[in-house]
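Below is one structure; the comments refer to it alone.
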Amino acid sequence: MRFLLDDEQREFARSLDAMLTAADTPAAARAWAAGDFAPGRAVWGRLADAGVFALAVPEEHEGMGLLPVETAVAFVELGRHAVPGPVVETVAAGALLSRLAGLGDAAPAKRLLPSLASGDAVTTLALPEGGPFALDADAATLRLTATGGELRLASGHARVERSLDPVRRLARLRPDGELLASGPSVTEASRYAADWASLATAAQALGVGLALLDRTVAYVKQRTQFGTPIGGFQAVKHRLADVLIGLEFARPLLYGAALTLKTPDVAAAKAAAGEAAYGAARAALQLHGAIGYTAEYDLSLWLTKARALRSAWGSPGECRRLVLSGGRGVG
């Protein structure tokens, strides 16, 4: 089955690509890793103006409606440009609060969703499905944690931990803040939000893989060996063809999952996109030679992100177990 974006969705992708190209996101990502959030917040403001954070917020709460396909389109571009910050967690928080309102508990949504949709609230989120750490808790202005059937504002966070990707700053939230909601609805909304987070991470990983492929193709056309570009060697062509096939296989899984938002479909897309991006990273590192190991070279931003996104919001093993179990949990 083929999943084709319509003209409006393709134009949305093109506009984000142009905007992020002009924003110098590699410089913002490096500053973010060093603890300087100002350039990243400037990029964040542009994304908010483009409506990215409103894609998982209903119109009655100043959003654009629940639009998972458009969310996937946007996050491919965010991955392609290595955008820093808790972008996945912000969209997932919007989905959680929206779902909670749909289940009859509208107070947290009315209170928090407008600022989340506008981009005023840089939001991080900790869920059982996402592991023990929250992303960029030190940069976030809104920290939410949902565990044991309770949704709370986190009172703070522990020290920032080292990550495979220096741009991804991880910390444990303190789940002892203000109680926003409790009960089975929180548990259901949490699972729904985890699917949105996994979908957005899969899209981000696909974008990372595409960026790595594009940069590697450009590099092998320039690097010469024995007087000829290495891109002309059969072994190099076959390696890059394998990368392209992996990414193109993941693409329809991603958009198919966005259409259904069923847990097994999302898990399949996350596994495929994560593995494809990781394969692209391995090929890029090998074909760039020694320069690929250099942290100062911008390629490293995508190399480390591909490895980190492979496990974020569902490792390949966890995702495959969800697919085989029909989405009934990881065990």
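About the Cα centre of segment 7-190, how large is the charge dipole given +1 on each Lys and Arg Cβ and -1 on each Asp and Glu Cβ? Please answer in debye to the nearest 20.
620 debye
Taking +1 at the Cβ of each Lys and Arg and -1 at the Cβ of each Asp and Glu, which of T145, L213, A283 sits farthest along the dipole of the chain towards its positive end, judged by Cα position relative to the Cα centre?
The Cα lying farthest towards the positive end belongs to A283.
Please give the length that would be gained between E59 and D7 if that part of the chain were fully extended, namely 0.36 nm times their separation in residues minus their C-alpha to C-alpha distance (nm, one decimal).
16.5 nm
Give me the distance between the Cα centres of segment 59-132 and segment 162-228, rounded to whole Å.
14 Å
Determine the shape class of the chain: with a ≥ b ≥ c the square roots of the Cα gyration tensor eigenvalues, call it rounded for a/c under 1.5, and otherwise prolate if a/b is greater than b/c, oblate otherwise.
prolate
What ranking do E8, E150, E60 get, fewest neighbouring Cβ atoms within 10 angstrom at the top?
The fewest-first ordering by Cβ neighbours comes to E8, E60, E150.
So which GluC sites (Glu not before Pro) in segment 269-331 pass both tests, a DSSP loop state and at most 16 other Cβ atoms within 10 Å of the Cβ?
Of the GluC sites (Glu not before Pro), the ones in loops of segment 269-331 whose Cβ has at most 16 other Cβ atoms within 10 Å are E296.
Taking the alpha-carbon distance from K221 and a cut-off under 30 Å, which lysines remain once sequence neighbours fewer than 8 residues away in the same chain are dropped?
Leaving aside lysines fewer than 8 places away in the same chain, those within reach of K221 are K237, K305.
Using the crude model of +1 on Lys and Arg Cβ and -1 on Asp and Glu Cβ, and no other charge, please compute the dipole size for the chain relative to its Cα centre, in debye to 20.
Approximately 1140 debye in magnitude.
Can you give the calculated 222 nm mean residue ellipticity of the chain, where each DSSP H run of n ≥ 4 adds -39,500 (n - 2.57) and the sum is split over every residue, rounded to the nearest 500 deg cm²/dmol?
Taking each H run of at least 4 residues, the total per residue is -19500 deg cm²/dmol.
Between F233 and K262, what is the label-point separation in nm under the 7 Å Cα-to-beta-carbon projection?
4.5 nm
For the pair R46/D242, report the inter-label distance in nm, with labels modelled 7 Å from Cα in the Cβ direction.
3.6 nm
With the crude spin-label approximation of a point 7 Å out along Cα→Cβ, what separation in nm comes out for R159 versus Q222?
According to this spin-label approximation, the distance is 4.0 nm.
FYI, it's all coordinate maths here, none of it is from the lab. This structure is a prediction, so every number in the text was calculated from the model and none was measured. In this analysis, Cβ positions are derived from the backbone assuming ideal geometry, glycine residues included, and neighbour counts consider all displayed protein chains.
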